[in-house]
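Notes follow the structure.
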Amino acid sequence: MVVFPPEIRALPDARTAPGPRRPAVFFDRDDTLIANATLPAEAFAGTPGDLADPAWIRPLPDAIDACARAVSLGYAVVLVTNQGVVARGGATLDEVEAACVRTIEVLGPGIEACFACPFHPNGAGPAELCREHPWRKPQPGMLLAASELLGLDLAGSWMVGDAVRDVEAGEAAGLLPSRCLLLSGEMTLAAALDRVARHPVGAHG
């Protein structure tokens, strides 16, 4: 399931299953779970980094295992990705959706949704998208929307990403700072999931 802001596309129905809210592991997409910076220029829609071609979706080492581990530990797995390429005129919403669908396919069946924000204040594409938006990281809107739609417990959740804005979005959404992990140096994706594994869902302490 790919979810865009409600101004762009109607949101799916919220989760109605009874019971307590579930914690999640939120993952950034590019250079966290799939390759971006190491791809050749032809992979991008004009601007380096603007990856919207499903044919170029390549999982990073440990990405498939990281998603599977999070699921096995009892967490919902949700992707949250800035996709200003649409505001910049480099790709359509349908192209971004197709790339997100392909990302979910290559990473495994445990991913519940990919939230994507097509807004950017410095865009040159559709005028309605050329502005800031509460969903665009470091704002917390994608995490907050995921919490409502999927019945998630943000206080028990994690955010994993390769940019400071990912950490800031997690903290702004109410996640514990100690659970907002920036991939850098020794904090690899595998190391991040080792830390998550110390806190399986339902464990105390």
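Of the heavy-atom accessible surface of segment 138-204 (probe 1.4 angstrom), what whole percent is carbon and sulfur? That fraction is 53 percent.
Per-residue 3J(HN,Hα) values for segment 77-89, derived from phi via the Karplus relation 6.51 cos²θ - 1.76 cosθ + 1.60 with θ = phi - 60°, read 10, 9, 9, 9, 9, 6, 10, x, 4, 5, 5, 7, x Hz in sequence order (x marks Gly and Pro). When the alpha carbon gyration tensor of segment 48-109 is reduced to an equivalent ellipsoid, its three semi-axes come out at 25, 12, 10 angstrom, largest first.
Segment 27-66 and segment 122-190 have Cα centres separated by 18 Å.
How would segment 69-178 be classified by its alpha-carbon gyration tensor: rounded, prolate or oblate, with rounded meaning a/c under 1.5 and the a/b versus b/c comparison settling the rest? It is oblate, given that a/c is not under 1.5 and a/b is not larger than b/c. Applying both filters, DSSP loop and at most 14 other Cβ atoms within 10 Å, to the GluC sites (Glu not before Pro) of segment 153-205 gives Glu186.
Taking only the Cα atoms of the chain, the ratio Rg/Rh comes out at 0.95, with Rh defined as the Kirkwood radius. Taking the Kirkwood radius as Rh and the Cα radius of gyration as Rg, segment 122-193 has a ratio of Rg/Rh equal to 1.05. Evaluated with a Cβ-only charge set (Lys, Arg +1; Asp, Glu -1), the chain carries a dipole of roughly 480 debye about its Cα centre, given to the nearest 20.
Per residue, the accessible area of the chain comes to 44 Å² when a 1.4 Å probe rolls over the protein heavy atoms.
The values are calculated or read from the model by the stated rules, or taken from the named source; none is laboratory data. These numbers were taken from a predicted model, which means no experiment stands behind them. Glycine gets a Cβ as well: all are built from the backbone with ideal geometry, and neighbour counts include every protein chain shown. Heavy atoms of the whole protein, side chains included, go into the accessibility calculation; ligands, DNA and RNA do not. Shrake-Rupley method; radii C 1.70, N 1.55, O 1.52, S 1.80 Å.
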